[in-house]
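Enquirer: Encoded as structure tokens, here's the structure I'll be asking about.
The values are calculated or read from the model by the stated rules, or taken from the named source; none is laboratory data. Nothing here was measured: the structure is a model prediction, and the numbers come from that model. Because the Cβ atoms are built from the backbone with ideal geometry, glycine has one as well, and the counts that use them run over all protein chains shown.
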Amino acid sequence: MKGFLFDIKGNWAHYRKPETNNNPLTHDFITKTALIGMIGAVLGIDRKAMCELFPQLCEDLLYSVCVKNAVKKESWAFTLRYVVDFFQKAPKQMEFLKNPHNRIALALKSDRSYRFFDDFQVAVQNHQAYFTPVLGLHNCPAELSFVSSGDFHPQKGDFTTQSFVTNKHQLNKEKFLEGFRLQVERIPTFQNSNFWNLPDKYVRVIYPSEGAIVSAEGEYFKFTDESQWVLI
């Protein structure tokens with residue numbers, strides 16, 4: 001499969017967990033659905049068109065994440081004011097990621113979405129965007145930087161990776177470094193045409209951070225530069 005690697009970073013990020021509406025918490029890294037929304041922003045696709053494209057891009061693109069730095073979160077308080085009655089206000093707290101830096105692997109599973117995949121790769125290479133890419137919220141601008149392009153080749157067996165792995169993989173705990181910690185997330189991978197994350201399409205992943213390496217067994221993809229990734 002054709003693919004490429006690129007970095008996403010910024011000062012702050014918020015990828016809301018939908019079950020935390022009153023005081024929203026954030027996922028630890030960019031989710032697949034948030035990334036597809038970013039692709040739409042970079043390419044200048046309006047909201048109505050993205051309604052129809054979201055299911056297609058969720059199916060036709062595969063992604064993975066390497067968390068390059070430590071996951072640090074801070075909670076901030078805001079005062080929300082209502083448009084109808086400006087003097088009516090309510091306090092609200094939100095959790096943010098501080099200085100997030102993710103390396104993304106993006107692969108094209110189906111040629112049906114080749115034009116969107118190719119246009120997005122060109123835009124990242126040339127530092128172009130129709131709308132400002134953001135890290136979940138409009139007050140969290142993103143910086144995108146191209147790393148390399150190539151092909152992803154499916155493999156099966158023992159492998160090491162800096163990306164996440166799923167609960168379908170068998171971890172090789174004997175090769176973990178002393179004091180090494182893994183973190184767990186449950187992330188959405190499919191959004192329908194009503195911008196609803198389908199509950200049965202969430203995937204539980206286990207990931208390292210700060211350049212740590214996971215040793216596991218199962219299905220994975222080898223990239224052109226010999227790095228190994230689990231794509232979902």
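Enquirer: Sort out which residues of the stretch 6-33 are of a type outside the set (S, T, N, Q), under 19 Å from Ile232 (Cα atoms) and buried (at least 21 other Cβ atoms within 10 Å of the Cβ), and write them in order of number.
Expert: Residues satisfying the conditions are Ile8, Tyr15, Asp28, Phe29, Ile30, Lys32.
Enquirer: Mind checking whether some residue in the stretch 157-175 is out of contact with any Leu (no Cβ under 7 Å at 6 or more places or on another chain), among the aromatic types (Phe, Trp, Tyr) and either surrounded by 13 or more Cβ atoms within 10 Å (Cβ to Cβ) or on the phi < 0 side of the Ramachandran plot (or both)?
Expert: The answer is yes, given that some residue of the stretch 157-175 is out of contact with any Leu (no Cβ under 7 Å at 6 or more places or on another chain), among the aromatic types (Phe, Trp, Tyr) and either surrounded by 13 or more Cβ atoms within 10 Å (Cβ to Cβ) or on the phi < 0 side of the Ramachandran plot (or both).
Enquirer: Now, a different point. Give the residue, chosen from Ser163, Ser193, that is touching a helix residue (DSSP H, G or I) at 6+ places or on another chain (Cβ under 8 Å) and either of a type outside the set (Phe, Trp, Tyr) or closer than 18 Å to Lys109 by Cα (or both).
Expert: Working: Ser163 fails: touching a helix residue (DSSP H, G or I) at 6+ places or on another chain (Cβ under 8 Å).
On inspection, the qualifying residue turns out to be Ser193.
Enquirer: Residue by residue through the stretch 95-153, note down the ones that are within 26 Å of Val71 (Cα to Cα), surrounded by 16 or more Cβ atoms within 10 Å (Cβ to Cβ) and among the basic types (Lys, Arg).
Expert: Arg103
Enquirer: Which residues, taken from the stretch 186-232, are among the charged types (D, E, K, R), part of a loop (DSSP other than H, G, I, E, B) and in contact (Cβ under 8 Å) with a residue 24 or more places away in the chain?
Expert: Hits for the stretch 186-232 are Glu210, Asp225.
Enquirer: Pick from the stretch 130-172 the residues that are acidic (Asp, Glu) and touching a Ser or Thr at 6+ places or on another chain (Cβ under 8 Å): which of them is modelled with the highest pLDDT?
Expert: Asp151
Enquirer: To continue, here is another question. Which one of the conditions (1) acidic (Asp, Glu); (2) at pLDDT 95 or above; (3) outside any strand (DSSP E or B) does Asp85 fail to meet, given that it meets all the rest?
Expert: (2)
Enquirer: Got at least one residue in the stretch 31-50 being under 21 Å from Pro199 (Cβ atoms), outside any helix (DSSP H, G or I) and not charged (D, E, K, R)?
Expert: yes
Enquirer: Among Glu59, Glu74, Glu95, Glu52, which is the only one that is touching a Phe, Trp or Tyr at 6+ places or on another chain (Cβ under 7 Å) and acidic (Asp, Glu)?
Expert: Exactly one of Glu59, Glu74, Glu95, Glu52 is touching a Phe, Trp or Tyr at 6+ places or on another chain (Cβ under 7 Å) and acidic (Asp, Glu), namely Glu74.
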